[in-house]
Amino acid sequence: SITATGRAVFNKEVATGSGDDTLSFAAVEFKDNLILGDGNTSITATDSALFSGVVTTGSGDDTLSFAEVEFKDSLTLGYGNNSIRATGSAFFEQSVTTGSGEDIFEFKDVYFKNDLNLGDGNDDITIAGNAIFYSVGWNVS
């Protein structure tokens, strides 16, 4: 587990092995890749989050919750019931891919500049404000 009540900046790649991971911040910036192993993963930022590198999680139920978030590189969530929520704006510059499972996406405003690939399972996307999608695919292996 990593918890910071202020702003946290990670300049180098962060990688974990298998097991449950909990990352909780007020604001966070990952300047390199974030690679999380198999297990249930929770990433929370009560303010803003910026991911400049690739973000990958292994198998397990992954929960990502933010006020505002920007992913500059690809986001890949492994097999499991995954959820991504942003109460403010969310921006995905590269592809977003999820494995099989029931995935939930909830946003106020969201922009997918590249592909959104949702794996097998009952997936839900809820947008309260504005949304821009480049390409959306369901049941992608």
Go through the range 88-113 residue by residue and tally those that are part of a strand (DSSP E or B) and closer than 13 Å to Glu70 by Cα. 12
Regarding the range 79-101, can at least one residue be identified that is among the acidic types (Asp, Glu), open to solvent by 40 Å² or more (accessible area, probe 1.4 Å) and more than 16 Å from Glu29 (Cα to Cα)? no
How many residues does the range 58-69 contain that are part of a strand (DSSP E or B) and either at positive phi or among the small types (Gly, Ala, Ser) (or both)? 2
Kindly indicate which of Gly121, Gly88, Gly78, Gly101 is under 17 Å from Ile35 (Cα atoms) and not acidic (Asp, Glu). Gly78
Just to verify a result, which residue in the range 18-37, among those that are of a type in the set (Asp, Glu) and closer than 21 Å to Asp73 by Cβ, is most open to solvent (accessible area, probe 1.4 Å)? Asp32
Given (1) closer than 11 Å to Val110 by Cα; (2) open to solvent by less than 10 Å² (accessible area, probe 1.4 Å), number of the condition Glu68 does not satisfy: (2)
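The values are calculated or read from the model by the stated rules, or taken from the named source; none is laboratory data. Keep in mind that what you see is a predicted model, and the values were worked out from it rather than measured. As a convention, Cβ positions derive from the backbone with ideal geometry for all residues, glycine included, and neighbour counts pool all protein chains shown. The area values use the complete protein model at the heavy-atom level, side chains included, leaving out ligands, DNA and RNA. Shrake-Rupley method; radii C 1.70, N 1.55, O 1.52, S 1.80 Å.
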